[in-house]
1. What is the list of residues in segment 122-150 whose amide nitrogen lies under 20 Å from a point 7 angstrom out from the Cα of Ser421, following Cα to Cβ?
2. Give the long-range amide H neighbours of Leu27: residues separated by 5 or more places, or on another chain, with amide H under 5 Å away, using H modelled in the peptide plane at 1.01 Å from N.
3. With Cβ to Cβ distances under 13 Å as the rule, what net charge do the other residues near Asp46 carry (K, R +1; D, E -1)?
4. For each pair in Lys158/Lys335; Lys210/Lys285; Lys110/Lys309; Lys110/Lys414, compute the distance between the two Cα atoms and list the pairs where it is over 21 Å.
5. If you place +1 on the Cβ of every Lys and Arg and -1 on the Cβ of every Asp and Glu, how big does the dipole about the Cα centre of segment 216-328 come out, in debye to the nearest 20?
6. Go through 365-372, 413-420, 148-155 and give me the packing order, highest mean Cβ count within 10 Å leading.
7. Express the relative contact order of the chain as a whole percentage, based on alpha carbon pairs under 8 Å and six or more residues apart in sequence.
8. Between Lys326 and Thr60, what is 0.36 nm times their sequence separation minus the Cα-Cα distance? Round to one decimal in nm.
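The values are calculated or read from the model by the stated rules, or taken from the named source; none is laboratory data. Since the model is a prediction, treat every value here as computed from it, not as a measurement. Positions of Cβ are backbone-derived with ideal geometry, glycine not excepted, and every protein chain shown enters the neighbour counts. Each accessible area value is taken on the protein alone, full model and side chains, heavy atoms only, with ligands, DNA and RNA left out. Shrake-Rupley method; radii C 1.70, N 1.55, O 1.52, S 1.80 Å.
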Amino acid sequence: MKRLALIACIAVSGVFCFVAVGQQVKLSFWKFAATVDDPIIAKYVDEWNSLHPETQVEFTTMPWGDYIGLALPAAFAAGQGPDIFWLSPGDILRYVNEGMLLPFDEYMTKDELDDLVPAARQRPTVEGVLYGLPVEIEPVAIYYNVDLFEQYGLAVPKDWDELLDVAKKLTTPERYGLIIETIPSYYQLFTWYPFLWSAGADVMTPDWKKATMDTEGAIAALKLWGDLIRNGLSPSSTPTSTSDILSNFAAGLGAMQVCGMWAIAALAAQPPDFRVGVFPVPPLKAGMPSISVFGGWTFVVNKQTPHPKEAVEFCKWIIFKTDFLKEFCVDRMAKLPSRLSVLEAGKAQYAQNPLAQVFVERILPSARPEPRFPPDIAKILMDALSGVMFGGVPAEQAARIANAQIQAFLDTYKGRVGAYSY
């Protein structure tokens, strides 16, 4: 991992000299492969390596399924986890509970902390300890075919009754009214949480002591997704995950689709033959608040790295000392940056794109970070959704079962509380 190095440098006077720097530090940085994102990340890794010959970062990507499902867990089980890696909010709590993440607090300045978007800063903060640096913010909304809305004389729905009515009117033998995610997964839950919250409900109390899935709002959120599938307003399966807007909504499979802000870049790269709009997930009843969810990845550091200072320094450099967030988020209009100063500077640029403007002005202010539930809780929620959508289980029954299972888990849970403060 280290080697003796001599670095050539140029003094201010222009005289060449050689500075002995001892052993060169090598840091490994892992993430999942993303065709559009990775060249930008690699560009800044190369820049770091050029500016910091004494600390070199090796950037490695691998297929999504391998990264999340096998590579990271296997590497840590063998005591060979990467020095630096990316985690989603849904995985952070698991790694914190297992003692795998390095706290960042002692390395941060007040100005740096104050420059992070407060809700984004909460994602890697567990029980008051900061375990990484958030990269981007990706809120969820509903994309819609503007031409079809005008053709049918429809307005953007203000509540769930109107949403179902619009979906019904836009459903034909060749087209669904609203595309939702039907595959049990963390992404499915990610896109369902805005409906749960916009019904005034939640999975459990903030102290993680009491399950709250048997409430009126939670039952309504389960029932809505069940009604969409059972009434043929949403497809029971899609060509690809609904995180992909091009193969689903843009291809004409549906008149509306629940998806994240990242879809803006895809639609710009391959524009459909109709106009596209976006609106916040409507609340259960008109007048209630619309609450979205946002995801986004986080730079974290292996607690066992022999070079914690250098690893954190790289993470801070790319977030605070470069134009990475501007290029990665603002310039592509596909994400929102995790720093307030970059977000504020980019507002004029976002305003030039009507879709991005909706996310910035109407969705982000009320969006919450993706929940950090243990895998057991996530599985219970996935089972509840599958039951109402495909198992013929009444929403009230699915909610009662989920509530009892979650309460049983909470009664014996010994890990950290992953709730946020809003």
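1. Those under the cut-off are 122-134.
2. Gln56, Val57, Glu58
3. Details: positive: Lys43; negative: Asp38, Glu47, Glu58.
Local net charge: -2.
4. On the way: Lys158/Lys335 25 Å; Lys210/Lys285 25 Å; Lys110/Lys309 18 Å; Lys110/Lys414 32 Å.
Violating the 21 Å limit, Cα to Cα: Lys158/Lys335; Lys210/Lys285; Lys110/Lys414.
5. Computed about the Cα centre, the dipole is about 240 debye.
6. Numbers: 365-372: 20.0, 413-420: 14.9, 148-155: 12.6.
The densest-packed peptide leads the list: 365-372, 413-420, 148-155.
7. On the way: 750 pairs, mean separation 101.1, N = 422.
Here the relative contact order equals 24 percent.
8. Details: separation 266, 0.36 × 266 = 95.76 nm, distance 2.26 nm.
My answer for the length gained is 93.5 nm.
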